[in-house]
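Q: Right, I'll just put the structure down here and ask away after.
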Amino acid sequence: MRGLRDGIPIALGYFAVAFSLGIIAKKAGLTAIDGFVSSFFTRASAGEYGVYTLVALSASYAELVAMCLVVNLRYLLMSAALSQKIAPGTSLFKRVLMACCITDEVFGISIGHEGYTPPRYTYAAAFISGIFWASGCAAGIVAGGMLPSNIVSALSVSLYGMFIAIIVPPARHDRNVLYAIMASIVLSGLCAVMPLLSQMTPGLRIILLTVVISAVVAWIRPVNDDTDGEN
């Protein structure tokens, strides 16, 4: 129930974002059923946008898979981080299923769960948000662009508010987290305009920044892990 509750704000934001993706899918020739199924099993805005763009160009399946792997490679890092929040003894099947549920937002609330994150919490949040994401895409295909783009953009603001709610509380209690967030904001902006880095896909830039910033912060300000009196 807690997973469903925490997943509702994500679901509402997903519906608005997926609605705009549905409009793109409509232009690519997808039906509402096509959009619902593809969205439910993808749930990645950048990945889906790339997929629908390639579908419109009649690209091969190999190109679709390769593009999704590159754009969504950041989820590999999220899975590695979330593995530290899973209780020892959790079966491999449950771990893999949790990895399949990861999106940026579901990862955020799962990693923020107090103590170990129960698999059913992630499942519930992913289910409710995934249903709304897929439904939003299908609705966008049916609507075919009837709503003005500014209204769709306004509806998606709730996702940004949720991200702020995730990062602000830890930053208030730990200055190291605050410094990492500030570095992420500054470096992300710089990388988006720098000659070579700006040509990389957003997914690859996220991976690069995540690895570099987290490694530097972990090296400068490591977290003490007390085990049998040893740090």
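Q: Take the conditions open to solvent by less than 20 Å² (accessible area, probe 1.4 Å) and under 13 Å from the mean Cα position of the chain (by Cα) and apply them to T103. Does it pass?
A: yes
Q: Which ones in region 187-208 are at pLDDT 80 or above and either charged (D, E, K, R) or not in a helix (DSSP H, G or I) (or both)?
A: If the condition is that a residue be at pLDDT 80 or above and either charged (D, E, K, R) or not in a helix (DSSP H, G or I) (or both), then M194, P195, L196 are the ones that fit.
Q: Being modelled with pLDDT under 90 and out of contact with any helix residue (DSSP H, G or I) (no Cβ under 9 Å at 6 or more places or on another chain): is that true of V51 here?
A: no
Q: Out of curiosity, is A138 closer than 30 Å to L30 by Cβ, at pLDDT 85 or above and either crowded, with 17+ Cβ neighbours inside 10 Å or under 21 Å from the mean Cα position of the chain (by Cα) (or both)?
A: yes
Results for (1) closer than 19 Å to T103 by Cβ; (2) surrounded by 20 or more Cβ atoms within 10 Å (Cβ to Cβ), shown as yes or no for each residue.
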| site | (1), (2) |
| --- | --- |
| G7 | yes, yes |
| F15 | yes, yes |
| D34 | no, no |
| F41 | yes, no |
| Y52 | yes, yes |
| Y61 | no, no |
| L77 | yes, no |
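Q: If you don't mind, there's one more thing I want to ask. On the basis of being touching a residue at least 24 places away in the same chain (Cβ under 8 Å), touching a helix residue (DSSP H, G or I) at 6+ places or on another chain (Cβ under 7 Å) and open to solvent by less than 20 Å² (accessible area, probe 1.4 Å), does G22 make the cut?
A: So G22 fits the description; yes.
The values are calculated or read from the model by the stated rules, or taken from the named source; none is laboratory data. Please read all numbers here as calculations on a predicted model, not as lab measurements. Virtual Cβ from ideal backbone geometry, glycine too; neighbours counted across all protein chains shown. Heavy atoms of the whole protein, side chains included, go into the accessibility calculation; ligands, DNA and RNA do not. Shrake-Rupley method; radii C 1.70, N 1.55, O 1.52, S 1.80 Å.
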